[in-house]
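Before any comments, here is the structure.
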Amino acid sequence: MIICKSKKDLFLIDILCVVLGGLIRIIYCIVYPVPVRDAFVYKEFIESWNYSGIIPGDSYFPPLGLFLLKIPYSLFEYDVIKGGTIVNIVLGLGIIITLISVSYEIYPSKIVALCSGLLVATHPTLVHYSCQMTRENPYLFFSCLATLFFLKSLNRTSKPFYVVYAAIFSTSAFLCRFEALELFVIFVLLIICLNFKSISTGIKKLFLFTSFSVISFGSIIYIINIPISYFWDDRYLWRFKFILDILKQG
């Protein structure tokens, strides 16, 4: 009964924060309707991709975020920028729900969960990201999901699929923005550091995380029809090296 009541309370918190976040985002779109400059770059990219059926090879954009943003245009021939903004608003609401769960996973308090949800729902930067056709929201959405399931996997009695989900969503985030490479580094280090007393468990989780990260990468690019050769382009590899250099300096 206590568990059911907690789930009901969290559901009500989710609804409250999503309604508030949705209203704020709609108002923001009405008050600030002008797209940012990057939105027009992505618009051109998406139109070229949709017209030819082949992802443009003259860029280094990770493909998953833009694939999601182009769905309304591809399926319904809806305005590219408006459709991408709608996708980002939906993902922004998903971020609110996910971060409420993350906060509850870290500290199981309904008050803390409510405060976290209200903060995420009204945070100016997150509202801005939700109301522009940029790649930030897909990246943040998958990063939040990866963090949530990784936190769940830290429980000694947790089921193995939690770390598998963490791998899938980490890979999804990486295929939206390169910065998600940090998630792999952090998660691997945490798996190693938190399982010194149970080496077998650590090895199992590390194997599941790394293997399903590779499997997810291959599966996602296959599903969205991206050739592996796209990732061997010099411009793409240069960006990847740039991120590695930043991590080394950090």
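Over the range 1-143, what percent of the accessible surface lies on carbon and sulfur atoms, probe 1.4 Å?
71 percent
Tell me which DSSP H helices of the chain clear both cut-offs, 15 Å or more of axial length from alpha-carbon atoms and a mean Kyte-Doolittle hydropathy of at least 0.5.
Sorted by number, the helices that extend far enough and score high enough are 2-31, 80-106, 110-122, 136-153, 161-174, 181-193, 199-223.
Kindly provide log₁₀ I(q)/I(0) values, in the same order as q = 0.15 Å⁻¹, from the Debye equation applied to equal alpha-carbon scatterers of the chain.
Taking Cα atoms of the chain as identical point scatterers yields -1.16.
Once you mark the chymotrypsin sites (Phe, Trp or Tyr not before Pro) that are in a DSSP loop and have at most 15 other Cβ atoms within 10 Å, what is the longest gap between them in the chain?
The longest such stretch corresponds to 79-195.
Out of Cys115, Cys193, Cys17, any idea which swings most in a Gaussian network model of the chain, alpha carbons joined below 10 Å?
Maximum fluctuation in the GNM of the chain, among the listed residues, is at Cys193.
Could you tell me the calculated FRET efficiency between Leu194 and Phe40, based on Cβ-Cβ distance and R0 = 35 angstrom, to the nearest 0.05?
Calculated value: 0.20.
Work out the length of the dipole vector of the chain about its Cα centre, built from +1 on the beta-carbon of each Lys and Arg and -1 on the beta-carbon of each Asp and Glu, and round it to the nearest 20 debye.
Using Cβ point charges on Lys, Arg, Asp and Glu, the chain gives about 980 debye.
Note down the relative contact order for the range 118-210 as a percent, whole number, built from C-alpha pairs under 8 angstrom at least six residues apart.
25 percent
On average, how much accessible surface per residue is there in the range 107-188, in Å², for a 1.4 Å probe, leaving out ligands, DNA and RNA?
Spelled out: the 1.4 Å probe surface of the range 107-188, per residue, equals 41 Å².
Rounded, prolate or oblate: which one fits the range 1-148, using the alpha carbon gyration tensor with axes a ≥ b ≥ c (rounded when a/c is under 1.5, else prolate when a/b beats b/c, else oblate)?
Verdict is prolate for the range 1-148.
When only DSSP loop residues count, what trypsin sites (Lys or Arg not before Pro) in the range 104-210 have their Cβ near at most 15 other Cβ atoms within 10 Å?
Listed in order of number, the matching sites are Arg156, Lys197.
Once you've got the Cα coordinates, tell me which of Lys159/Lys205; Lys159/Lys204; Lys7/Lys205; Lys7/Lys110; Lys7/Lys159 are over 18 Å apart.
Lys7/Lys205; Lys7/Lys159
For every helix of n ≥ 4 consecutive DSSP H residues, a contribution of -39,500 (n - 2.57) applies; sum these over the chain, divide by its total residues, and give [θ] at 222 nm rounded to the nearest 500 deg cm²/dmol.
Using -39500 (n - 2.57) per qualifying helix, the result is -25500 deg cm²/dmol.
Can you tell me the relative contact order of the chain? Whole percent, Cα pairs under 8 Å, sequence separation 6 or more.
Relative CO of the chain lands at 21 percent.
The values are calculated or read from the model by the stated rules, or taken from the named source; none is laboratory data. Just so you know, these numbers come straight off a predicted model, no measurement behind them. Don't worry about glycine lacking a Cβ; one is built from the backbone with ideal geometry, like all the others, and counts go over all protein chains shown. Side chains are part of the model used for accessible areas, which takes the heavy atoms of the whole protein and leaves out ligands, DNA and RNA. Shrake-Rupley method; radii C 1.70, N 1.55, O 1.52, S 1.80 Å.
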